[in-house]
Amino acid sequence: MGKNSLRKRKGEDNGREDGRSIQSHEAQTTNLQKQAKPPPSLPNVSFYLQVGLISGICMIVGTIIGSGIFVSPKSVLGNVGAVGPCLIIWAACGILATLGALCFAELGTMITKSGGEYPYLMEAFGPIPAFLFSWTSLLVTKPSSFAIICLSFAEYASAPFYPGCDPPQVVIKCLAAAAIVVITIVNSLSVKLGSYLQNFLTAAKMIIVTIIIVSGIVLLAQGKTENFKDSFKDSTISVSSISLAFYNGLWAYDGWNQLNYITEELKNPYRNLPLSIIIGIPLVTVCYVLINISYFTVMTSTELLQSQAVAVTFGDRVLYPASWIVPLFVAFSTIGSANGTCFTAGRLVYVAGREGHMLKVLSYISVKRLTPAPAIIFYGAIAIIYIIPGDINTLINYFSFAVWIFYGLTVLALIVMRFTRKELKRPIRIPIIIPVIVILVSILLVLAPIITAPELAYLYCVLFILSGLIVYVLFVHFKFNWPQKISKPITMHLQMLLEVVPAEEVTE
């Protein structure tokens, strides 16, 4: 890892053209190739293998199904007030996720660069919207998602110890913080350990989903349908309530765009990418609707709203005396989602640090363990900050508001490039009505809660996103480097404590 690798990296830096996107530079240094040997700086071996149709479907299903289906049913029902509208919202969220994923499929096969929304925004609108996306992702959407999942884990892990009442908030938040610390340590110590943990927890996730669905089908066959009579009675339908219900439902579907991060690793992506989406997301939608139907076979709307942990209540009524299985496996499922989120988002922080969007120390890599330990630790610390003041529903609204701004903007980029970048090849070309529908729904989701039920959280979110403009002008456009200088003592201590070095020193 000596001078040759350093010269090679420096040569790449010097040959970089002015005005080129940051994502283009990433493609030079860490571009993933089919069945190539992974560089030590990004040692996630599984992503370097060719991913076929079945693997693509499993990746979508495994990524989406996490904590959301065990947390959001209560919030969705609370916003619409009745069983019928609740089930319709769950199905509609699945349809919207499918349409959005099809838009991303066209973008992903048209612009084959890693980085999700970043290169699409860069190509359509230039560097400023792309930077604002990375700024918001690093400091709002990714860590708040991590915090939500760990709070969900804490609620289900603590529920059996407080039968008949809600666990104290201090217990939930301490458990969530402990989960973040453990996951952060695991992913900082070893990629293989994090990968093995993820495989085990994914299997546990599918077991509990299967148990709930099969139990619900059996109960329906036995005639447990009384809670579905007059299913639209007492519903509270308004633009604001529907938008907030969509926020909570779409949170459970988050991850529908993950295949865009591995387009280069898909076998025959022009066929398998859209097929994986068309099969995978409707499969998740069916699972989610069936799980909600299972909940309503044993709980009335009032009982579901009063339940602190919906799946635990379901298990107590259906699986007794083996009801302990439900909170155990739900906890496995949520911690698995948190582990996967930490694994991927930690590397996003690492890339941002390497490219100058965050402190340089965040691009350092552990010499012994070959993990971006400083980036993962930073990500975990930000997530703990989100846990302290927030509850799950507030964080979900905060997350969904921010993320749908950029989802809508990214889909708008698809329409814009139909006119401004006609020369680009489009192996997948979806009907223009699909992105138009997604954009209109995105506008509704973003504006409706602000207009009908304004809260300060939305204002804070907008101000934070716009504050990225100041950061961009000072530290990207004018390249002020005083934060790097101030952080030098911290960097020196981290190098000694964690045995980390700059990424280029361990790049082959």
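The values are calculated or read from the model by the stated rules, or taken from the named source; none is laboratory data. No experiment lies behind these values; they were computed from the predicted model shown. A quick note on method: Cβ atoms are made from the backbone with ideal geometry, for glycine too, and the neighbour counts reach across all protein chains shown. Heads up: the accessible areas ignore ligands, DNA and RNA and are worked out on the full protein's heavy atoms, side chains in. Shrake-Rupley method; radii C 1.70, N 1.55, O 1.52, S 1.80 Å.
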With every protein chain in place, the stretch 53-501: carbon and sulfur % of accessible area (1.4 Å): 71
On a 31 Å Cα-Cα criterion, which of the cross-link pairs Lys267/Lys422; Lys267/Lys479; Lys422/Lys479; Lys142/Lys192; Lys192/Lys360 come out too long? Lys267/Lys479; Lys422/Lys479
Computed over the stretch 128-202, protein heavy atoms only, probe 1.4 angstrom, the accessible area per residue in square angstrom equals 39
Farthest towards the positive end of the dipole of the stretch 53-501, among Thr236, Val209, Ser188 and with Cβ unit charges of +1 on Lys and Arg and -1 on Asp and Glu, lies the Cα of Ser188
Mind computing the radius of gyration and Dmax over the alpha-carbon atoms of the stretch 190-229? Å is fine for both. 16.8, 52
All-pairs Cα distance distribution in the stretch 62-112, expressed in whole percent, bin size 10 Å: 22, 39, 26, 12, 1
Given the whole protein assembly as supplied and a 1.4 Å probe, what does the accessible area of Val80 come to in Å², nearest 10? 0
Karplus ³J(HN,Hα) for the stretch 314-326 (6.51 cos²θ - 1.76 cosθ + 1.60, θ = phi - 60°; Hz, whole; x = Gly/Pro) runs 4, x, 4, 8, 10, 9, 4, x, 9, 5, 5, 4, 5
Lys192, Lys113, reordered so the largest accessible area comes first (probe 1.4 Å): Lys192, Lys113
If amide hydrogens are placed 1.01 Å from N in the peptide plane, which non-local residues have theirs closer than 5 Å to the one on Ile365? Val501, Ala503
Enclosed volume per residue, in Å³, of the convex hull spanned by Cα atoms of the stretch 53-501: 147
For the stretch 202-333, the Cα gyration tensor yields equivalent-ellipsoid semi-axes (√(5λ), largest first, whole Å) of 30, 21, 14
Could you pull out every residue, at least 5 positions away or on a different chain, whose amide H is within less than 5 Å of the one on Leu266? Hs are placed 1.01 Å off N in the peptide plane, and Pro or chain starts have none. Val51
Sticking to Cα atoms, compute the Rg of the stretch 43-178 to one decimal and its Dmax as the biggest Cα-Cα distance, whole number, in Å. 19.0, 55
HN-Hα couplings for the stretch 429-442 via Karplus (6.51, -1.76, 1.60; θ = phi - 60°), in whole Hz with x for Gly/Pro, come out as 10, 8, x, 4, 5, 5, x, 4, 4, 5, 5, 4, 5, 4
So, by mean Cβ neighbours within 10 angstrom, what's the order for 322-335, 225-238 with the highest one leading? 322-335, 225-238
